Amino acid sequence: MKKRGAVDFMRSSRLGILAAACALVVAAAASGLARTPKAGAAGGEGKVFGMAFDGHSVSNLENSIKFYKILDFRVVQKPGSWKVDKGLNKLEGLPAGTQSRTAVLATQSSVSDTPFDLILHQYKGIDQRNWSKLDSGALGAGHMDLTVMEDCNISMDKLKAAGLLVVPSMGMMSRTPVKGPRPFAFVQDPDGWFIELFAMPKPQPGVRPDAGKVSDSSATMTNINRLGYQTGFNHIGLNVSDAAKERAFYEGVLGGDYPPITPPGQTGMLRGMTMLNGWFNQATTNGKVRLEILGAAANAGKPGPGEKLSDVNVNYVGFQVSGIDAVYAKAKDAGATDVTDGGIMKVKGGRGVMLLDPNGLGYVELFEPSKK
């Protein structure tokens, strides 16, 4: 991926300083993720500023960090020693004695100059299930998409050299080009989380890729800025059992811009699949990242596998808000359930709450930074 400049790296470094000073802030997405909203954006009635970060449970922080650094993530906060973080345990609904370690990484966003953060947690002292063997289309599985430059083989060769390349079998999407660059690929991180790589053509000097595309209204394939205008984080994908129910929550509560639901694809890679690309502001920016809802016919009406947030390979998505009480109430009215013991709680840097979406498949954190 294209390397960020000194300004972006310094911004991430400042985030790391804040995260190191506030242990709970890291876990609750206040690891510097609470960037100051633009003037006029606040609203006490409840407002979602956008997607701010992604969180993931891993089995070995050092292995995961090694993997993501190869994909151009930078370490903002190094993992410390094992400890019982009472605030984190309450936020994530974990047993009181749970021990944990946390690391914060950041990478360039494909749609803004504000880095996108990845929070990795490792737990011990509790019963954990390992979901690393989930099939790519299974309920409970999902993916993160990263835009790379020109050829996915470049990133894959680096992973292979480090002994970290795992290429899942995904039918047509696994096919290797006979020759030349690879336009897209799927790999898996050390715990089985699917990472989708999409390669963008090298732009002509002075021309921004997809400059004519917009993604702030009328979510259609004609105006979708699928790759962004630079390399970096692009979107999160979530497998669901009820695409309409999921769309109602992520659009109606969290402010995503989703297209109408159409019949599942009849041929090709999307056969039997309802795919909804919803656009969300990357928090406090005008760049649009995506949360992709994937409803396979084979999953329709099925219950989730019963993942716990502390289980290995379980993911959550963080949204920055103002008026968190109003947003929380709206989420609960829509069918979301509490993960955080007691609902909204105070955290260093603001207030936060963890929820399970109405489908019981996606974990969502709401975070409201303090006005200070």
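The values are calculated or read from the model by the stated rules, or taken from the named source; none is laboratory data. As the structure is a prediction and not an experimental result, all values here were calculated from the model. Note: ideal-geometry Cβ built from the backbone for every residue, glycine included; neighbour counts use all protein chains shown.
Per-residue answers, yes or no, for (1) crowded, with 19+ Cβ neighbours inside 10 Å; (2) in contact with a Gly (Cβ under 9 Å, 6 or more places away or on another chain); (3) over 26 Å from VAL104 (Cβ atoms):
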| position | (1), (2), (3) |
| --- | --- |
| ALA283 | yes, yes, no |
| ASN286 | no, no, no |
| VAL289 | yes, yes, no |
| ALA297 | no, yes, yes |
| LYS302 | no, no, yes |
| PRO305 | no, yes, yes |
| VAL321 | yes, yes, no |
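Filter region 154-173 down to the residues that are under 27 Å from LEU120 (Cα atoms) and either modelled with pLDDT under 95 or among the hydrophobic types (A, V, I, L, M, F, W, C) (or both) and list them by number.
Residues satisfying the conditions are ILE154, MET156, LEU159, ALA161, ALA162, LEU164, LEU165, VAL166, VAL167, PRO168, SER169, MET170.
Give me the strands (runs of 3 or more DSSP E) completely within region 73-154, filtered to those with at least 1 residues that are of a type in the set (A, V, I, L, M, F, W, C), closer than 28 Å to VAL240 by Cβ and in contact (Cβ under 8 Å) with a residue 40 or more places away in the chain, ordered by residue number.
In region 73-154, the matching strands (runs of 3 or more DSSP E) lie at 99-107, 116-124, 142-149.
Looking at region 212-221, can you tell me whether even one residue there is assigned to a loop (DSSP other than H, G, I, E, B), modelled with pLDDT of 90 or more and not hydroxyl-bearing (Ser, Thr, Tyr)?
no
Which members of region 238-261 meet the condition of being in contact (Cβ under 8 Å) with a residue 40 or more places away in the chain and within 19 Å of GLY301 (Cα to Cα)?
Hits for region 238-261 are LEU238, ASN239, VAL240, SER241, ASP242, ALA243, LYS245, GLU246, ARG247, ALA248, PHE249, TYR250.
Does GLY93 fit the bill of being surrounded by fewer than 21 Cβ atoms within 10 Å (Cβ to Cβ), touching a strand residue (DSSP E or B) at 6+ places or on another chain (Cβ under 8 Å) and either in the same structural domain as ALA283 (by TED's automatic domain parsing) or farther than 26 Å from PRO303 by Cβ (or both)?
Spelling it out, it is not the case that GLY93 is surrounded by fewer than 21 Cβ atoms within 10 Å (Cβ to Cβ), touching a strand residue (DSSP E or B) at 6+ places or on another chain (Cβ under 8 Å) and either in the same structural domain as ALA283 (by TED's automatic domain parsing) or farther than 26 Å from PRO303 by Cβ (or both).
Among the residues of region 109-151, write down those that are of a type in the set (Val, Ile, Thr), crowded, with 17+ Cβ neighbours inside 10 Å and within 19 Å of LEU61 (Cα to Cα).
Answer for region 109-151, where residues must be of a type in the set (Val, Ile, Thr), crowded, with 17+ Cβ neighbours inside 10 Å and within 19 Å of LEU61 (Cα to Cα): just ILE119.
Go over the candidates SER57, SER100, SER13, SER64 one by one and state the one that is in contact with a strand residue (DSSP E or B) (Cβ under 9 Å, 6 or more places away or on another chain), at pLDDT below 95 and hydroxyl-bearing (Ser, Thr, Tyr).
SER13 is the lone residue from the list that is in contact with a strand residue (DSSP E or B) (Cβ under 9 Å, 6 or more places away or on another chain), at pLDDT below 95 and hydroxyl-bearing (Ser, Thr, Tyr).
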